[in-house]
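Participant: Structure incoming, see below.
The values are calculated or read from the model by the stated rules, or taken from the named source; none is laboratory data. These numbers were taken from a predicted model, which means no experiment stands behind them. Quick reminder, even Gly has a Cβ in these numbers, built from the backbone with ideal geometry, and neighbours come from all protein chains shown. These area figures cover heavy atoms from the full protein model, side chains too; ligands, DNA and RNA do not enter into them. Shrake-Rupley method; radii C 1.70, N 1.55, O 1.52, S 1.80 Å.
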Amino acid sequence: MKTLPALMLAGAGMLATTSAMAKKPNGWFVNAGVGSAHYKASVDGYGSGTEAGTAYMINAGYHDQRILGFEVGYTDLGSVDAKGGYGDRAKLSGDGWTLGLNGHFNPTRHWYVSTRSGAFLWKLRAKAGVAYDDGSTETFRGSEQSIGWYAGVGTGYDIDRHWSVGASFDYYKIDKDDYDIGTRIFAVNAEYRF
């Protein structure tokens, strides 16, 4: 966790010279993405394997010379479902707010590389339905929330000064008590700069 900001700043320094070739206006931006979320979770040290769902995110922030900036956003990690052989069911879903730093670097006029990292204020919701031998069912619900972290990289194409499209990989870490969940999101996204 401590090395993420250092790596981000190092990457900014390495790409800053090539970024000078591109026009870099200051300004506010909004972006949104949708993709595939892959959960890898363990509870009390027991792993659940990897499950997949659909995720989406929306962010807004400010780029300082389109190199380093800040962002705030919302990410829905999607949900995963499991069914037992006797009618038992379980569902886990998560979402949260992000607050962090971002970078947008242009090695060429249109091609960009992006980085992001920060705090993830997450909430997990669990729902389980248990089927009994007499045919009845019982539903249990629970939730947990805390602060974790996120980090990501991306690449894409700056169409013009205002619009860009791209693809990204983000990692969201949830770790509290006996829960240890890492979610990888592979997404496509679009950004508008004011």
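Participant: Would you check if there is a residue in the stretch 152-163 being in contact with a helix residue (DSSP H, G or I) (Cβ under 8 Å, 6 or more places away or on another chain) and of a type outside the set (Lys, Arg)? Walk me through how you get there before you give the answer.
Facilitator: Step one: list which residues in the stretch 152-163 are in contact with a helix residue (DSSP H, G or I) (Cβ under 8 Å, 6 or more places away or on another chain), which gives none.
Taking every residue of the stretch 152-163 in turn, none turns out to be in contact with a helix residue (DSSP H, G or I) (Cβ under 8 Å, 6 or more places away or on another chain) and of a type outside the set (Lys, Arg).
Participant: Something else now. What are the residues in the stretch 117-148 that are part of a strand (DSSP E or B), over 19 Å from residue 56 (Cβ atoms) and open to solvent by less than 60 Å² (accessible area, probe 1.4 Å), if any?
Facilitator: Once the filter is applied, which keeps residues that are part of a strand (DSSP E or B), over 19 Å from residue 56 (Cβ atoms) and open to solvent by less than 60 Å² (accessible area, probe 1.4 Å), the stretch 117-148 yields 117, 119, 126, 128, 129, 130, 131, 142, 144, 146.
Participant: Taking the stretch 149-184 as the search range and keeping residues that are more than 13 Å from residue 120 (Cβ to Cβ) and of a type in the set (Lys, Arg), which one is surrounded by the fewest Cβ atoms within 10 Å (Cβ to Cβ)? Can you show your working first?
Facilitator: At the first step, the residues of the stretch 149-184 found to be more than 13 Å from residue 120 (Cβ to Cβ) are 153-169, 177-180, 184.
Okay, now just the ones that are also of a type in the set (Lys, Arg), so 161, 184.
Values: 161: 12, 184: 18.
Restricting to residues being more than 13 Å from residue 120 (Cβ to Cβ) and of a type in the set (Lys, Arg), the top hit is 161.
Participant: Restricting attention to the stretch 50-59, and to residues there that are open to solvent by 80 Å² or more (accessible area, probe 1.4 Å) and under 17 Å from residue 116 (Cβ atoms), which single residue is modelled with the lowest pLDDT?
Facilitator: Filtering first and then ranking leaves 56.
Participant: Which numbered condition in (1) more than 27 Å from residue 91 (Cα to Cα); (2) touching a strand residue (DSSP E or B) at 6+ places or on another chain (Cβ under 9 Å) is the only one that residue 160 fails?
Facilitator: (2)
Participant: If you don't mind, there's one more thing I want to ask. Does the stretch 19-35 contain any residue that is of a type outside the set (Lys, Arg), assigned to a helix (DSSP H, G or I), open to solvent by less than 40 Å² (accessible area, probe 1.4 Å) and modelled with pLDDT under 85?
Facilitator: There is at least one residue in the stretch 19-35 that is of a type outside the set (Lys, Arg), assigned to a helix (DSSP H, G or I), open to solvent by less than 40 Å² (accessible area, probe 1.4 Å) and modelled with pLDDT under 85.
Participant: Specify the residue that is modelled with the highest pLDDT; the eligible residues are those in the stretch 39-49 that are surrounded by fewer than 17 Cβ atoms within 10 Å (Cβ to Cβ) and under 20 Å from residue 176 (Cβ atoms). Steps first, answer last, please.
Facilitator: In the first step, residues of the stretch 39-49 are kept if they are surrounded by fewer than 17 Cβ atoms within 10 Å (Cβ to Cβ); the result is 40, 42-49.
Going one step further and asking which of them are under 20 Å from residue 176 (Cβ atoms), we end up with 40, 42-48.
Numbers: 40: 76, 42: 62, 43: 60, 44: 56, 45: 57, 46: 53, 47: 54, 48: 57.
So the residue we want is 40.
Participant: Residue 62 fails exactly one of the following numbered conditions: (1) open to solvent by less than 40 Å² (accessible area, probe 1.4 Å); (2) at pLDDT 90 or above; (3) not basic (Lys, Arg). What is the number of that condition?
Facilitator: (1)
Participant: Which of the residues that make up the stretch 108-126 are under 21 Å from residue 190 (Cα atoms) and at pLDDT below 90?
Facilitator: Hit for the stretch 108-126 is 109, nothing else.
Participant: Could I ask something else about it? State whether one or more residues within the stretch 76-89 are among the charged types (D, E, K, R), at pLDDT below 75 and in a strand (DSSP E or B). Explain how you work it out, then say what you get.
Facilitator: At the first step, the residues of the stretch 76-89 found to be among the charged types (D, E, K, R) are 76, 81, 83, 88-89.
Those left that are additionally at pLDDT below 75: 81, 83.
Remaining after also requiring in a strand (DSSP E or B): 81, 83.
Yes, the stretch 76-89 contains a residue that is among the charged types (D, E, K, R), at pLDDT below 75 and in a strand (DSSP E or B).
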